[in-house]
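**Q** The structure is given below, and queries will be raised subsequently.
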Amino acid sequence: MRKTLVLLLVLLTVPALSVFAEGEESSGPELSSISALAFGPDGVLFVGDAKAGSLFALETGDTTPGKVTERMGIQDVETRLAAMLGTRSSEVLIHDLAVNPISQKIYLAVSRSRAKWESRWQLPNDLGDAALLVRIDADGEMEAVETESMNWTKADLPDPVGEKEHRWKKGTSLRVDAITDMVFDHGTVWVAGLSNEEFASAVWRLAYPFSDKATKTTVEVYHGAHGEWETHAPIRTFVPYRLGDTDHLLAAYLCTPLVTFKTADLSDGAHVKGRTVAEMGSGNYPLDMVVYQKNGEDRLLIANSNLPLMIVNPKDVASFEGEINTEVEGYIAGVPYEIRSGNGIQQMDRMGDDWIVVLQRLPGGTLDLYNMSVKRF
């Protein structure tokens, strides 16, 4: 293992039925980088390892049902994490956040790389490799997750992008964008990132439990703010969503187009053009995206690096006619959206039906972890 994870608790594991191979129970996964997190069924945590170009499924054993019924949180979470790591809070960097839908415990991917941050265009995975997995319960109790005793399986992504230098982030390898986001949905793990193809932006589809080889589709989108078709910009965040009677991926890109892809078109070896349905502003990374319900209707919430929270009604996406395929002046066009306060939110995830957990950088500089009621939106 590239870096030994801190051991604070040995998890109780192995439910009666397991999809994990017998030979993989003896030692933990060799994680090169905890680049992205997403939960699947039965407490299984998917870890996207961009550096290895692989996806790991970890059987956490965290399967006791829990329900959060009130506000919770940790002020200045980086100081708490620094104490675990034996370092200063200015060194602590959180790469991703995921909530276990069964226990409603929060999982964080953490490194000691924040001091390297020099540009607003850098993202956590540009700065270092997360090696620590941390779990937080509803009381704010924090513990490092030891993975060595876990059952696990692994799937390799076909043709992830190689170790090339990023063309405008000098000193950064494109390999960190081999996995930019991933979601589990009805037996499928969807993974977005960069491939080694000429048209680099890609979507992989993996059936879970892992069996057949992952399928890979290269994708391109029209970027209205840039006035051109783009094939090298990866999806930054996305969700599967059914529009009408057709399954789609709703995806957001840097600077900030919102794009739809029909999942039926995302077949192995295909090259697919997405339909750009909105331009939401330039100079911004969309960082996270969740679907929640309010008054019985779905809403799409998008957190951003340099813009407020945005709320999109999926009905507006479904009814939007045509697509954006010409340059957009003023950077705003297409499907309408609402603005909510929420500058500085870096990560978020659903916590049951009533809450959304966020990591927010406050004006004073501290990073707070807390849950917000969906009624706020």
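Readers should treat all values here as calculations from the given coordinates under stated rules, not as data from a laboratory. As the structure is a computational prediction, the values presented were derived from the model and not from experiment. Cβ placement follows ideal geometry from the backbone for every residue including glycine, while neighbour counts extend to all protein chains displayed.
**Q** Ordered by residue, what ³J(HN,Hα) values in Hz, to whole numbers, does segment 176-184 give under the Karplus form 6.51 cos²θ - 1.76 cosθ + 1.60, where θ = phi - 60° and Gly and Pro are x?
**A** Along segment 176-184, the couplings run 5, 9, 4, 9, 9, 6, 7, 9, 9 Hz.
**Q** Could I ask something else about it? Report Rg (one decimal) and Dmax (nearest whole number) for segment 180-343, counting Cα atoms only, units Å.
**A** So, for segment 180-343, Rg and Dmax equal 15.1, 47 Å respectively.
**Q** Report ³J(HN,Hα) in whole Hz for each residue of segment 341-352, in order, from the Karplus equation J = 6.51 cos²θ - 1.76 cosθ + 1.60 where θ = phi - 60°; Gly and Pro get x.
**A** The phi angles translate into 4, x, 4, x, 6, 9, 8, 7, 7, 6, 10, x Hz.
**Q** Would you work out if segment 141-218 is rounded, prolate or oblate? Take a ≥ b ≥ c from the square roots of the eigenvalues of the alpha-carbon gyration tensor; rounded if a/c is under 1.5, else prolate when a/b is larger than b/c, oblate otherwise.
**A** oblate
**Q** Binned at 10 Å from 0, what are the whole-percent values of the Cα-Cα distance distribution for the chain, short to long?
**A** 5, 25, 35, 27, 8, 1
**Q** Under 1.5 on a/c is rounded, so check that first for segment 91-188, then, if it is not, pick prolate when a/b is larger than b/c and oblate when it is not; a ≥ b ≥ c are the square roots of the alpha carbon gyration tensor eigenvalues.
**A** Oblate, since a/c reaches 1.5 and b/c is not below a/b.
**Q** Can I ask one more? Just report the Cα centroid separation between segment 225-294 and segment 132-149, whole Å.
**A** Answer, in whole Å: 32.
**Q** Now a separate question. HN-Hα J couplings of segment 123-140 from phi, Karplus 6.51/-1.76/1.60, θ = phi - 60°, integer Hz, Gly and Pro as x?
**A** Each residue's phi maps through the Karplus curve to give 10, x, 6, 6, 9, x, 10, 5, 10, 10, 10, 10, 10, 10, 9, 5, 8, x Hz.
**Q** Between beta-carbons, use under 14 Å as the cut-off and find the net charge around Ile332, counting Lys and Arg +1, Asp and Glu -1.
**A** Its environment carries a net charge of -4.
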